[in-house]
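> Please read through the structure below; I'll follow up with questions.
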Amino acid sequence: MSVRTSARKVRKQEVHRVVQYNVLCSSLAGPSHFPKCDPEYLDAEYRWAKLVAVLEEEIARGSIIALQEVGQVWNGRLHTFFTERNYSFFCRL
């Protein structure tokens, strides 16, 4: 009786996490656009802190991140934020 064995290299399937967030351009986040929203939640610094917390989690997971409605004000901040974490950041205004 003979037994035949073969070894095949099976390439591990790579899985990438892709997330997308609409960050709402600050110029559109005024109380006139969202009259029923608590003004605290529309404050740019409040929203920035929430966004950074979410982005830190996604970066820790190695996610590919897409952002919508990035205005000029946050463009520079996000560029710095991502660069400091060895992520590339591309923005099209």
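> Would you pick out the residues in segment 25-52 that are of a type in the set (A, V, I, L, M), under 18 Å from F82 (Cα atoms) and over 10 Å from the mean Cα position of the chain (by Cα)?
A49
> While we're on this one: Provide a single number: the residues in segment 77-93 that are loosely packed, with under 11 Cβ neighbours inside 10 Å and of a type outside the set (S, T, Y).
Count: 5.
> Using the structure shown, decide if S63 is open to solvent by 90 Å² or more (accessible area, probe 1.4 Å) and among the hydroxyl-bearing types (S, T, Y).
no
> Further, regarding this structure: List the pairs whose first member sits in segment 59-82 and is farther than 15 Å from L24 by Cα, whose second member is surrounded by 11 or more Cβ atoms within 10 Å (Cβ to Cβ), and whose Cβ atoms are under 6 Å apart, counting only residues at least 6 apart or on separate chains?
I59/R85; S63/V19; I65/V19; I65/E58; H79/F89; F82/F89
> Can I ask one more? In segment 19-93, which helices (runs of 4 or more DSSP H) lie fully inside it and hold 2 or more residues that are hydroxyl-bearing (S, T, Y)?
So the answer is 72-84.
> Here's something else I'd like to know. Filtering segment 11-44 down to residues that are surrounded by 12 or more Cβ atoms within 10 Å (Cβ to Cβ) and β-branched (V, I, T), which residue is nearest to R77 (Cα to Cα)?
V23
> Checking V73 against (1) hydrophobic (A, V, I, L, M, F, W, C); (2) touching a Ser or Thr at 6+ places or on another chain (Cβ under 9 Å); (3) loosely packed, with under 15 Cβ neighbours inside 10 Å; (4) modelled with pLDDT of 95 or more, which single condition isn't satisfied?
Every condition holds for V73 apart from (4).
The values are calculated or read from the model by the stated rules, or taken from the named source; none is laboratory data. None of the values given here were measured: they were computed from a predicted structure. Cβ: placed from backbone, ideal geometry, glycine included. Neighbour counts: every protein chain shown. Quick note on the areas: whole protein, heavy atoms, side chains included, nothing else; ligands and nucleic acids left out. Shrake-Rupley method; radii C 1.70, N 1.55, O 1.52, S 1.80 Å.
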